[in-house]
Amino acid sequence: MPNPYQNAVRQLRQVGELLELDEETIARLAKPDRVVKKEIKVGKKKFLAFRSQHNQARGPYKGGIRFHSGVTEDEVKALSMWMTWKCATVGIPFGGSKGGVVVDPKGLSAEELEQLSRGYIRAFYEYLGPQRDVPAPDVNTDSQIMAWMLDEYEKLVGHKEPGVLTGKPIELGGSEGRTEATGLGGYYVLRALHAKLNSKFQIPNSKFTIAVQGLGNVGYWFTRFASEAGYRVIAVSDSKGGVITEGTENNQKALSIDKVMEYKEKSGSVMGLPGAETITNEELLELPVDVVVPAALENVITGENAGRIKAKVVLEMANGPVTPEADEILRERGVVVVPDVLANSGGVTVSYFEWVQNLQGYYWEKEEVLRRLKLIMDEAFETVWKMKQEKKVDMRMGAYMVAVRRVVKALRLRG
């Protein structure tokens, strides 16, 4: 399995060369400001937990907390670096952080899950705060877990502090639009890219075929918005496997996301969906579609399978789903890769809105949240596309050049 932190540093060095950064600056950006490790006790069980704080030159650290058996120190270090670039790509005033607990949450009772959530805050609360580090949900964490964490933090500090984390329930200071924000932001990016590509391909929405790997929150909302806009989503998958609509390559019907989710809720997986053929997650990535959307975990497109990717576009809705080796192969083959730091930045953008609303004590209507989200996503896409065209680089390097340049400027202004 490729090491995500080594991948992140390798990407940084690539963009450092393009920006002609000195070795001291690259070395500073390659290393997180702080990595904290703690042990959390839940009854007789013990769990290893991490918090990586990468860079705060542009604002407080910002990043999710994931509960997953595969969490490692290098993973959270990489994710915290990518969060720095993500926030800078869309121009919001945060640096990057990330947290994780090595745990399979499916093996915990509801009471143990609450204890673990509160235990995480007790272990790390001195490093957190609205102007220090603002966590959010990530893999296997949700608004209920954020509610427990907020309650524990406020007990520890002795006052109300809703801005300490985002992704909260609306009743506790969460923002309208946060649930669908990441998927919707990805849809806005898809639409902007489609407009650019249409000068070359001239493909109407109804002919534009999409395959989505991962039907969690992000994959679901992306699929919903894309389907409602008339894009033809012909294949989807979850952790157990996937399905594709029956038919030949050019006449496959679109999946109904409502029927897919209804079946998934009843059976526990999309596999076996009536009227569809079962495929593996690996096969989904290699389908002959216009856009393939990895929306699950990192490192799913590697040097081994990149040569078999048939899509014209890879839209990264997961964090780090394409390795550097795969990037090189896809670039040589003319596949457009829309990087995660742009494609899935809708979530952190609306988290930023939530933080702003918490600090103001004034809350926006959903229409206002989504209007502001579209403005930021459209502007970020145009900025990255312009950099890509001017410097004759791929979209990842275009986004990284925008982001790293902004972070370096902030560092230099601070001396």
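Residue-by-condition table, conditions (1) assigned by TED's automatic domain parsing to the domain that holds Ser269; (2) free of Cβ contacts under 8 Å to residues at least 12 places away in the same chain:
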position: Lys155; (1), (2): no, yes
position: His159; (1), (2): no, yes
position: Gly186; (1), (2): yes, no
position: Val189; (1), (2): yes, no
position: Asn198; (1), (2): yes, yes
Matching entry among Ala88, Ala147 (being surrounded by fewer than 24 Cβ atoms within 10 Å (Cβ to Cβ) and closer than 26 Å to Arg372 by Cβ)
Ala147
Looking at Val407, Val393, which one is outside any helix (DSSP H, G or I) and under 22 Å from Asp22 (Cα atoms)?
Val393
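Conditions (1) within 23 Å of the chain's Cα centre (by Cα); (2) under 22 Å from Gly183 (Cα atoms), marked per residue:
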position	(1), (2)
Gly230	no, yes
Ile234	yes, yes
Gly241	yes, yes
Leu255	no, yes
Met261	yes, yes
Lys264	yes, yes
Ser267	no, no
Leu273	no, no
Thr278	no, no
Of the conditions (1) out of contact with any Ser or Thr (no Cβ under 9 Å at 6 or more places or on another chain); (2) surrounded by 23 or more Cβ atoms within 10 Å (Cβ to Cβ); (3) hydrophobic (A, V, I, L, M, F, W, C), Ala181 satisfies every one except a single condition; which number is it?
(1)
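For the structure I just gave you, tell me whether Gly163 is under 18 Å from Trp355 (Cβ atoms) and at pLDDT 95 or above.
Yes.
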Which of the residues belonging to region 151-168 are more than 21 Å from the chain's Cα centre (by Cα), not in a helix (DSSP H, G or I) and not basic (Lys, Arg)?
Gly158, His159, Glu161
Kindly indicate the residue of region 96-140 that is of a type in the set (Ser, Thr, Tyr) and in contact with a helix residue (DSSP H, G or I) (Cβ under 8 Å, 6 or more places away or on another chain) and also surrounded by the most Cβ atoms within 10 Å (Cβ to Cβ) among those meeting that condition.
Ser97
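Applying the selection to region 270-280, what residues are surrounded by fewer than 18 Cβ atoms within 10 Å (Cβ to Cβ) and on the phi < 0 side of the Ramachandran plot?
Pro274, Glu277, Thr278, Thr280
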In region 57-75, which residue that is of a type in the set (A, V, I, L, M, F, W, C) and in contact with a helix residue (DSSP H, G or I) (Cβ under 9 Å, 6 or more places away or on another chain) is farthest from Met146 (Cα to Cα)?
Ala57
If you go through Arg331, Arg396, the only one that is crowded, with 16+ Cβ neighbours inside 10 Å and assigned by TED's automatic domain parsing to the domain that holds Ala295 is Arg331
When the residues of region 25-71 are narrowed to those that are of a type in the set (Val, Ile, Thr) and either free of Cβ contacts under 8 Å to residues at least 40 places away in the same chain or part of a helix (DSSP H, G or I) (or both), which ends up surrounded by the most Cβ atoms within 10 Å (Cβ to Cβ)?
Val71
Scan (1) surrounded by fewer than 19 Cβ atoms within 10 Å (Cβ to Cβ); (2) at positive phi; (3) in the same structural domain as Glu75 (by TED's automatic domain parsing) for the single condition Gly241 breaks and write down its number.
(3)
Could you tell me whether any residue of region 129-142 is at pLDDT below 95, part of a loop (DSSP other than H, G, I, E, B) and of a type in the set (D, E, K, R)?
yes
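Here's the yes/no breakdown for (1) buried (at least 24 other Cβ atoms within 10 Å of the Cβ); (2) at pLDDT 95 or above:
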{"site": "Pro324", "(1), (2)": "no, no"}
{"site": "Val336", "(1), (2)": "no, yes"}
{"site": "Ala343", "(1), (2)": "yes, yes"}
{"site": "Tyr362", "(1), (2)": "no, yes"}
{"site": "Val404", "(1), (2)": "yes, yes"}
{"site": "Arg412", "(1), (2)": "no, yes"}
Scan region 55-93 for residues that are in contact with a Ser or Thr (Cβ under 7 Å, 6 or more places away or on another chain) and within 18 Å of Leu413 (Cβ to Cβ) and jot them down.
Asn55, Ile92
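The values are calculated or read from the model by the stated rules, or taken from the named source; none is laboratory data. Everything numeric in this text was worked out from a predicted model, so none of it was measured. As a convention, Cβ positions derive from the backbone with ideal geometry for all residues, glycine included, and neighbour counts pool all protein chains shown.
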